[in-house]
Amino acid sequence: MDIQELNLTANLLRQDVVSMVAEAGSGHPGGSLSSTDIVTALFFNSLNHRPDEPKWPDRDRFILSKGHCAPILYAALARSGYFPVEDLLNLRKIDCHLQGHPDMHKTVGVEISSGSLGQGLSVSVGIALAMSLDNLPGHVFTLMGDGESQEGEIWEAAMAAAHYKVSNLTGIVDANGLQIDGFTKDVMNVEPLEAKYQAFGWTTRQIDGHDMQQIIEALDWSRSVEGPAAIIAKTVKGKGVSFMENQAGWHGKAPASEQREQALAELREQAETLRSSAGKA
Amino acid sequence: MNSELKPRATREAYGEALLELGKRHGDVVALDADLSGSTMSKLFAAEFPERFFNVGVAEANMMNMAAGFVIGGKIAYASTFAVFATGRAFDQVRQSIAQPNLPVRVVASHGGLTVGEDGCTHQSVEDIGLMRLLPNMRVIVPADFNQTYAAVMESYDKPGPMYIRTGRPLTPFLYDEPPASLGKGADVLREGTDISIFACGIMVVKALEAAEELKKRDISAEVVNVSVLKPIDVDTVAASLAKTGRAVTAEEHSIIGGLGDAVAEVAAEYCPVRMGRLGIKDVFGKSGKPDQLLEEFHLTAEHMVGLAEHVLASGK
């Protein structure tokens, strides 16, 4: 996929997120939308995976440590062919395989169960080391939040990844600057994240997490780094939906039906702009 | 009981069994949190350094790294002191091991009061209760070296997560060799008709001593070694309760959440009988020599005899 197609795919996934959370009546749109471009770049460009063979041993692994952003993971899995897109609208409903937070035994393509924050990086270190013992070629990409980085276990895992020189691991921080109670800098400042990872022995890069070109280049770069690599992606919570952008209140709230329509209308308009700008080019 | 064999700690059995598993199976990995000399995972570490991961003083990270190893296709053994394995890392064990039903083996040493002088911060008297609460978790408290060895060897190809508690004190041998199987999880070591004594871990030996003393007082006590606390062997426990009609439980753990409660749950549902529970009575421990602590907290054969007589003297 080229950049244009990836951006359009991201737009489609944003529409999915809005629709599925609205339909469920609960869920986490804010962080799903801030990480949409990163997840899109992974699933539709960077990951070496086979949706029709989800347990392919040589695959790269995507670990969603910030498990509350399950909607964007499910949208990416469905749109890349792991399960029918229609399932998305049954998010969080009883008997649906799409749980409120990811469950590795219920949803095809979910590598680990997550939702208790701060745990995904530790599990990722274990997976990456196991893959190294077996000389598997895959790379582990772990997506975390900046609020999540307040959990001490993140730094236990960061220490271990550097100590064991885990080269097949990339940690990506979706740094949208917001958490449930407000701005991360006010609740509990975790910055400077990049310097912290460097101090823990990681090689780092900071990017604009909504610039598809930068995201793709950073993901490619991180594969070649000796030892663990961290990508600090500066993002906007609720990105793409005007009334959700930079609003802590949209961390874990579903849009009402009018809000849903407004959000979808905005996103469709953005898609049109993307298409027409491509036409001019 | 075999008095010819020199007593050995159950934690040593873990070290030796883990080493043997490492020799037999290339997919076994072991993790420890800076206590490999105490948990005895150091035996594995020395032989298989490439498959041993010391995470440092970071138990939460250890549990989740172990989960990651299992997701990556390995059989992971994670060891540290029981109090940290279960209390400090409870969320990690719950969220990333028990809920996803991953075959991580948490082998926790220094269970109970008999850690001794370190005092209550290091004495694990709630671990069994915490682990019993978790769906999917198998909870094993072996009674001697050989039973521990067998439990660790058996754990290799069992599905799901497992908690195995080992101890520091030198413990007499109950079994001449590693039993072929932990079986259903409860083992009648001595037949009796008047009262059942259910015990686990280091209290099993004391239960046999108590039964011998009770015999002198014309009381026939049945002694059952309950090594698997979850899933508890309902058939064996209920059959013994039905046979004797009275029960005493004995454990190096709080009377809340451990063996006493597990047997009481079986009794309540299958065969209600008058019971007495010997254990730590909802208090924290303190520093002291292990034997002094067992006396102080009434975890002795003598107190078991007293409790059995009290239960027998109680009305229905």
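Does B:VAL305 qualify as being within 10 Å of B:VAL248 (Cβ to Cβ) and surrounded by 14 or more Cβ atoms within 10 Å (Cβ to Cβ)?
The answer is yes for B:VAL305.
Okay, residues lined up against (1) more than 8 Å from chain B (Cβ to nearest Cβ); (2) farther than 21 Å from A:ALA175 by Cα; (3) of a type outside the set (Ser, Thr, Tyr); (4) over 13 Å from the mean Cα position of the chain (by Cα):
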site	(1), (2), (3), (4)
A:ASP60	yes, yes, yes, yes
A:ALA78	yes, yes, yes, yes
A:VAL110	yes, yes, yes, no
A:ALA157	no, no, yes, yes
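Checking the conditions here, which among A:VAL39, A:VAL17, A:VAL21 is assigned to a helix (DSSP H, G or I) and free of Cβ contacts under 8 Å to residues at least 60 places away in the same chain? Break it down into steps so the answer makes sense when it comes.
Working: A:VAL39 fails: free of Cβ contacts under 8 Å to residues at least 60 places away in the same chain; A:VAL21 fails: free of Cβ contacts under 8 Å to residues at least 60 places away in the same chain.
Only one candidate qualifies: A:VAL17.
Restricting attention to the stretch B:66-83, does a residue exist that is over 11 Å from B:LEU102 (Cα atoms), in contact with a Leu (Cβ under 9 Å, 6 or more places away or on another chain), modelled with pLDDT of 95 or more and assigned to a helix (DSSP H, G or I)?
Scanning the stretch B:66-83, I find no residue that is over 11 Å from B:LEU102 (Cα atoms), in contact with a Leu (Cβ under 9 Å, 6 or more places away or on another chain), modelled with pLDDT of 95 or more and assigned to a helix (DSSP H, G or I), so the answer is no.
Hey, could you check the stretch A:81-98 for residues that are buried (at least 19 other Cβ atoms within 10 Å of the Cβ) and touching a helix residue (DSSP H, G or I) at 6+ places or on another chain (Cβ under 8 Å) and say which is farthest from A:ALA41 (Cα to Cα)? Give the steps one after another, and end with the answer.
Here is the first cut: in the stretch A:81-98, the residues buried (at least 19 other Cβ atoms within 10 Å of the Cβ) are A:82, A:88, A:91-92, A:98.
Now restrict to residues that are touching a helix residue (DSSP H, G or I) at 6+ places or on another chain (Cβ under 8 Å): A:88, A:91-92, A:98.
On the way: A:LEU88: 20, A:LEU91: 23, A:ARG92: 26, A:LEU98: 22 Å.
Out of the qualifying residues, it is A:ARG92.
Which residue, of B:ILE197, B:ILE219, B:ILE256, is among the β-branched types (Val, Ile, Thr), closer than 27 Å to B:LEU170 by Cα and surrounded by fewer than 22 Cβ atoms within 10 Å (Cβ to Cβ)?
Unique residue meeting the criteria: B:ILE256.
Kindly check whether there is at least one residue in the stretch A:44-57 that is touching a helix residue (DSSP H, G or I) at 6+ places or on another chain (Cβ under 8 Å) and among the aliphatic types (A, V, I, L, M).
Checked against the condition, which is being touching a helix residue (DSSP H, G or I) at 6+ places or on another chain (Cβ under 8 Å) and among the aliphatic types (A, V, I, L, M), the stretch A:44-57 yields no hits at all.
Only one residue in B:PRO169, B:PRO135, B:PRO142 is part of a loop (DSSP other than H, G, I, E, B) and crowded, with 24+ Cβ neighbours inside 10 Å. Which one?
So the residue among B:PRO169, B:PRO135, B:PRO142 that is part of a loop (DSSP other than H, G, I, E, B) and crowded, with 24+ Cβ neighbours inside 10 Å is B:PRO142.
Can you name every residue in the stretch A:215-230 that is under 17 Å from the mean Cα position of the chain (by Cα) and among the small types (Gly, Ala, Ser)? So that I can check it myself, show each step before the final result.
Of the residues in the stretch A:215-230, the ones under 17 Å from the mean Cα position of the chain (by Cα) are A:215-220, A:222, A:229-230.
Passing the criteria: A:ALA218, A:SER222, A:ALA229, A:ALA230.
Inside the stretch A:119-150, can you point out the residues that are more than 8 Å from chain B (Cβ to nearest Cβ), crowded, with 21+ Cβ neighbours inside 10 Å, in contact with a Gly (Cβ under 9 Å, 6 or more places away or on another chain) and part of a loop (DSSP other than H, G, I, E, B)?
If the condition is that a residue be more than 8 Å from chain B (Cβ to nearest Cβ), crowded, with 21+ Cβ neighbours inside 10 Å, in contact with a Gly (Cβ under 9 Å, 6 or more places away or on another chain) and part of a loop (DSSP other than H, G, I, E, B), then A:ASP146, A:GLY147 are the ones that fit.
Does at least one position in the stretch B:182-196 carry a residue that is touching a Ser or Thr at 6+ places or on another chain (Cβ under 8 Å) and part of a helix (DSSP H, G or I)?
no
With among the acidic types (Asp, Glu), closer than 30 Å to B:ALA313 by Cα, touching a helix residue (DSSP H, G or I) at 6+ places or on another chain (Cβ under 7 Å) and part of a helix (DSSP H, G or I) as the only criterion, which of B:GLU222, B:GLU213 stands out?
B:GLU213
Please find, among B:GLU12, B:GLU50, the residue that is of a type in the set (Asp, Glu), assigned to a helix (DSSP H, G or I), within 24 Å of B:MET137 (Cα to Cα) and modelled with pLDDT of 95 or more.
After ruling out the rest, the residue left standing is B:GLU12.
Considering each residue of the stretch B:52-88, count those that are more than 7 Å from chain A (Cβ to nearest Cβ) and among the basic types (Lys, Arg), and give that number.
Within the stretch B:52-88, residues that are more than 7 Å from chain A (Cβ to nearest Cβ) and among the basic types (Lys, Arg) number 1.
State whether one or more residues within the stretch A:242-249 are crowded, with 16+ Cβ neighbours inside 10 Å, among the small types (Gly, Ala, Ser) and at pLDDT 95 or above.
No, there is no match, as no residue in the stretch A:242-249 is crowded, with 16+ Cβ neighbours inside 10 Å, among the small types (Gly, Ala, Ser) and at pLDDT 95 or above.
The values are calculated or read from the model by the stated rules, or taken from the named source; none is laboratory data. Small disclaimer: the values here were computed from a predicted structure and weren't measured. Don't worry about glycine lacking a Cβ; one is built from the backbone with ideal geometry, like all the others, and counts go over all protein chains shown.
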